[in-house]
1. Tally the residues that are of a type in the set (A, V, I, L, M, F, W, C) and assigned to a loop (DSSP other than H, G, I, E, B), restricting the search to region 217-261.
2. Can you tell me which residue within region 138-156, out of those that are farther than 17 Å from Gln190 by Cβ and among the aliphatic types (A, V, I, L, M), is surrounded by the fewest Cβ atoms within 10 Å (Cβ to Cβ)?
3. Filter region 173-188 down to the residues that are farther than 21 Å from Leu254 by Cβ and either in a strand (DSSP E or B) or outside the structural domain of Arg142 (by TED's automatic domain parsing) (or both) and list them by number.
4. Every residue in region 216-243 that is under 15 Å from Asp89 (Cα atoms) and surrounded by fewer than 18 Cβ atoms within 10 Å (Cβ to Cβ), please.
5. What number of residues within region 13-40 are under 25 Å from the mean Cα position of the chain (by Cα), assigned to a helix (DSSP H, G or I) and within 20 Å of Ala218 (Cβ to Cβ)?
6. Considering only residues of region 273-284 that are in a loop (DSSP other than H, G, I, E, B) and in contact with a helix residue (DSSP H, G or I) (Cβ under 6 Å, 6 or more places away or on another chain), which is nearest to Ala139 (Cα to Cα)?
7. Go through Phe169, Phe144 for me and flag whichever is more than 20 Å from Leu249 (Cα to Cα) and not acidic (Asp, Glu).
8. So, in region 58-113, of the ones that are farther than 23 Å from His20 by Cα and charged (D, E, K, R), which residue ends up modelled with the highest pLDDT?
Amino acid sequence: MNALRIGTRGSALALWQANHVADLLNRHHGIEAELVRIRTSGDRLQSASVAQVNEQIGSENGAKGIFIKELEEALFAGTIDLAVHSMKDVPTEIPAGLAFAAMTRREDPRDCLISRTGRALKYLPQGARIGTSSLRRQAQLRHFRADLDVVDLRGNVDTRLKKLDAREFDAIVLAMAGVNRLGSAKRITQVFDPEVMLPAVGQGALGIEIRVDDKHTAALVAVLDDAETRTCVTVERTLLHELQGGCQLPLGALARIADDRLHLEAGVFSSDGRESVRREITLSSGDPPSAGKRLAENLIAAGAEKILRLAGRSVG
């Protein structure tokens with residue numbers, strides 16, 4: 001049998017994720033996998049701001065899907081059998097003919113702070129320079145401490161850490177999952193509780209995307225699917241879809257399951273952090289889309305629509 005071809009970006013984190021899936025497939029089925037590196041729009045535009053990305057791609061929503069578009073094209077072309085994505089990078093609508101056949105068990109979804117001095121966010125000096133490319137993180141940082149100098153920072157994890165070490169920033173904010181996966185957990189200064197910073201939709205979860213007509217690959221990867229992760233990510237993505245959002249919407253959300261109950265909390269924040277709406281809901285874990293839809297309605301009823309319109313999103 002020919003080796004499965006796994007499409008992946010070329011960053012250290014993406015390669016770790018693809019190798020992780022390859023190892024799982026080998027462990028379960030004894031099959032070998034070949035990694036196929038594909039350079040995406042997001043990789044080519046790493047140093048560009050979100051506005052520049054949108055301008056170069058030619059769409060207000062250009063930043064949506066920039067890390068997966070070329071991987072999906074390779075799937076359609078048949079040059080790869082499956083693609084491994086960070087679910088936080090995946091738009092809520094995927095092309096017809098493709099599907100996520102598995103989502104592996106989720107890593108810790110929270111964000112973390114890495115500071116040069118080892119100080120937690122609360123104790124950083126006034127006007128401290130904090131780097132992050134995420135509008136969601138920027139808005140919540142400003143909401144927590146309006147005095148911070150929050151600056152756009154793009155690039156892979158290694159690039160961001162090097163800029164921190166070069167004293168370009170006092171601290172940076174990263175997804176804890178990526179830091180853990182790259183073996184840099186010892187550098188973490190503070191793990192953010194959701195009360196301080198809600199994570200991105202799908203953060204910490206890996207999705208395996210395939211062609212819907214590829215029954216062979218679907219059967220192989222099915223064993224890697226984690227039901228709890230799929231439920232929680234589905235809830236979060238339904239919420240995001242209802243709010244007409246993309247990866248640059250200042251929305252944080254986190255779904256968790258305990259005692260067969262699903263708890264979902266989410267918040268929408270203005271870019272300057274001055275306005276915010278947070279709500280939460282607890283339902284049976286049996287109907288994930290319903291939970292996401294209901295919480296989106298609750299957020300809008302509480303005033304989130306105004307913040308979303310300021311962010312350039314139309315709701316409804």
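The values are calculated or read from the model by the stated rules, or taken from the named source; none is laboratory data. Quick caveat: nothing in here was measured; it's all calculated off a predicted structure. Please note: Cβ atoms are built from the backbone with ideal geometry, for glycine as well, and neighbour counts cover all protein chains shown.
1. Taking region 217-261 as the starting set, the residues that turn out to be of a type in the set (A, V, I, L, M, F, W, C) are 218-224, 227, 232-233, 235, 239-240, 243, 247, 249, 251, 253-255, 257-258.
Within this subset, residues satisfying the condition of being assigned to a loop (DSSP other than H, G, I, E, B) are 243, 247, 249.
Summing the residues that are of a type in the set (A, V, I, L, M, F, W, C) and assigned to a loop (DSSP other than H, G, I, E, B) in region 217-261 gives 3.
2. Ala146
3. Residues of region 173-188 that are farther than 21 Å from Leu254 by Cβ, as a first pass: 182-184, 186-187.
Matches in region 173-188: none.
4. His241
5. Residues that pass the stated criteria total 8.
6. Filtering region 273-284 for residues in a loop (DSSP other than H, G, I, E, B) gives 273-275.
Imposing the further condition that a residue be in contact with a helix residue (DSSP H, G or I) (Cβ under 6 Å, 6 or more places away or on another chain) reduces the set to 273, 275.
Values: Gly273: 5, Glu275: 9 Å.
Once the filter is applied, the top-ranked residue is Gly273.
7. Numbers: Phe144 fails: more than 20 Å from Leu249 (Cα to Cα).
Residue meeting the stated conditions: Phe169.
8. Glu93
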